[in-house]
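**Student:** The structure is given below, and queries will be raised subsequently.
The values are calculated or read from the model by the stated rules, or taken from the named source; none is laboratory data. These numbers were taken from a predicted model, which means no experiment stands behind them. Reconstructed Cβ throughout: ideal geometry from the backbone, glycine too, with neighbour counts over all protein chains shown.
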Amino acid sequence: MEENINNEREEIYSERVRAGKRTYFFDVKATRSNDYYLTITESKRKYKDDGFTYEKHKIFLYKEDFNKFMEALNNTVNHVKEELMPEVDFDQFDRREPSENGHMEKTEIDTELKWD
């Protein structure tokens, strides 16, 4: 695999989640030794002068931390849903769009497989 000029690795798999002015990217990348890791990027659109720019924050997550990360994330989200805000119906935040037959359907997460 060739190295990019900016030292970034090619994505093997990517999912994009649009959330208002923010977009989250979940990308799988490969190391030189064909080990895989995940990058989670938050991209936020900010208005500047006559246009806009993107502010990005990135987390690198390695395979040895996957289970611990998922457990902590699930525990934290469940705590908010069950303990802090049990009255909120979180399903209401799922984006829905009209389908061809006029019914409201859940918007799909954008996924893309990338091959070398």
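**Student:** Taking the range 37-55 as the search range and keeping residues that are of a type in the set (S, T, N, Q) and surrounded by 14 or more Cβ atoms within 10 Å (Cβ to Cβ), which one is farthest from residue 27 (Cα to Cα)?
**Tutor:** In the first step, residues of the range 37-55 are kept if they are of a type in the set (S, T, N, Q); the result is 39, 41, 43, 53.
Adding the requirement that they be surrounded by 14 or more Cβ atoms within 10 Å (Cβ to Cβ) leaves 39, 41, 43.
Working: 39: 5, 41: 8, 43: 13 Å.
Only one residue fits best here, namely 43.
**Student:** Does the range 31-54 hold any residues that are within 12 Å of the chain's Cα centre (by Cα) and either over 14 Å from residue 21 (Cβ atoms) or among the β-branched types (Val, Ile, Thr) (or both), and which are they?
**Tutor:** 38, 39, 40, 41, listed by residue number.
**Student:** Can you list the strands (runs of 3 or more DSSP E) found entirely within the range 1-114 that contain at least 1 residues being modelled with pLDDT of 85 or more? Working first, answer last.
**Tutor:** Numbers: elements: 11-19, 22-30, 36-48, 51-62, 96-98, 104-106, 110-113.
Output list reads 11-19, 22-30, 36-48, 51-62.
**Student:** Oh, and also: I'd like the full set of residues that are touching a strand residue (DSSP E or B) at 6+ places or on another chain (Cβ under 9 Å) and loosely packed, with under 15 Cβ neighbours inside 10 Å, limited to the range 25-36. Even if it seems obvious, please write down each step before you answer.
**Tutor:** Kept after step one, since they are touching a strand residue (DSSP E or B) at 6+ places or on another chain (Cβ under 9 Å), are these residues of the range 25-36: 25-31, 35-36.
The answer is 31, 35, 36.
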